[in-house]
Amino acid sequence: MGVGNSLFQLMKNSMYVFLGACSFGILSTIVKLGYEKGFTFQQLTLGQFGSGWILLLILMLLFARQKVNFKQFIRLAGVGACTCLTGVAYYLSLQSIPASIAVVLLFQFTWIGVVIEAIVTKKRPSTATMVSVILLFIGTIMAGGIIGAEELQLNLKGTLLGLAAAVMMALFVFFSGRVETQMSPITRSFYTSTGSLLLLLTILTPKVVFEVSFGDGLWIFGLILGIFGVVLPVLLFALGAPKISTGLATILGAGELPVAVIASVWVLQEQVYFIQWIGIVIILFGIAYPQVFGRSWRKKEVKVVQ
């Protein structure tokens, strides 16, 4: 495979991961709308992972029937557990710390992912990677609304939960690019979502699960959350993450925050200050930086398939 074609494949697979991250960004707005309708955390999370699992089951039965042994299932379920724990830890952190702090803590997964890759590969991150991470950190602080806030209401439990969500998100991106990559993306996504759902059912007590009713419009919220919070991100990460580095995948994952802010403005009519828009621009620039300015770095990121 030539270098030109390899770079094209890199851009294509990077776009898959970026779009998967963007789909995550819609979730916060949908969850807020669900809370306004009176739905609980348990109802919305179970609706999200339950409907996502059903949709992926249908896709697998139609397009990708493939045998999976027990060891493969455990590995893929572990990837799904990371997704589930990311959502649970993040949503719980919002109960004790402001959303602006929670989102900044969650987005520490960008540099955590780079550190994980450096430890595993025993290679120092490239200059382009480090510049991108710094830009993403600055942009996240600005876009998260921390600058200019009257006071920061920090809580130890909420802070630890926010950081736990960041670690789980980084692990999800890392394992998405390394676990059972030879398997079809749809099959991988189904068993990954199965792991998410099983863990969620374990976390929620049986009483809570049986009390959840999909009447009163909950099924609509569950379907939207399932599509954008399970089906699209898991499938898109399964398509793109195995063919790019973990560092690049985590950088592209930062696309979630700009989408979250823009969705809150369009749908919830929330006020976003000028400094937050500047932060969004910096984040987008940080994501694009390695692609546009790191030519030698891009060539190293290409996983050439013989």
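The values are calculated or read from the model by the stated rules, or taken from the named source; none is laboratory data. Since the model is a prediction, treat every value here as computed from it, not as a measurement. Here Cβ is always computed from backbone atoms with ideal geometry, including for glycine, and neighbour counts include all displayed protein chains. Just the protein is used for accessible areas: all its heavy atoms, side chains included, with ligands, DNA and RNA removed. Shrake-Rupley method; radii C 1.70, N 1.55, O 1.52, S 1.80 Å.
Couple of notes before you dig in:
- Whenever a residue of region 54-75 is of a type in the set (D, E, K, R), its partners that are surrounded by 13 or more Cβ atoms within 10 Å (Cβ to Cβ) and part of a helix (DSSP H, G or I), lying with C-beta atoms within less than 9 angstrom and at least six residues away or across chains, give the pairs 65/187; 75/175; 75/191.
- Any hit, region 86-96, residues being part of a helix (DSSP H, G or I) and surrounded by fewer than 20 Cβ atoms within 10 Å (Cβ to Cβ): yes
- For residue 101: the one exception among (1) modelled with pLDDT of 85 or more; (2) in contact with a Leu (Cβ under 8 Å, 6 or more places away or on another chain); (3) surrounded by 18 or more Cβ atoms within 10 Å (Cβ to Cβ); (4) not in a loop (DSSP other than H, G, I, E, B): (1)
- Here region 48-79 is the region considered, the condition is being open to solvent by 20 Å² or more (accessible area, probe 1.4 Å) and of a type in the set (S, T, N, Q), and the residue that is modelled with the lowest pLDDT is 66.
- Scanning region 20-31 for residues that are in a helix (DSSP H, G or I) and farther than 18 Å from residue 89 by Cβ yields 20, 22, 23, 29, 30.
- Being under 20 Å from residue 29 (Cβ atoms), among the aliphatic types (A, V, I, L, M) and over 20 Å from the mean Cα position of the chain (by Cα) is a condition met by at least one residue of region 95-105.
- Test: residue in region 37-47 that is polar (S, T, N, Q), touching a helix residue (DSSP H, G or I) at 6+ places or on another chain (Cβ under 8 Å), at pLDDT below 85 and assigned to a helix (DSSP H, G or I): no
- The lone criterion from (1) under 15 Å from residue 175 (Cα atoms); (2) surrounded by fewer than 20 Cβ atoms within 10 Å (Cβ to Cβ) left unmet by residue 244 is number (2).
- Elements of type helices (runs of 4 or more DSSP H) in region 248-306, at least 2 residues being surrounded by fewer than 15 Cβ atoms within 10 Å (Cβ to Cβ), modelled with pLDDT under 85 and hydrophobic (A, V, I, L, M, F, W, C): 256-268, 274-293
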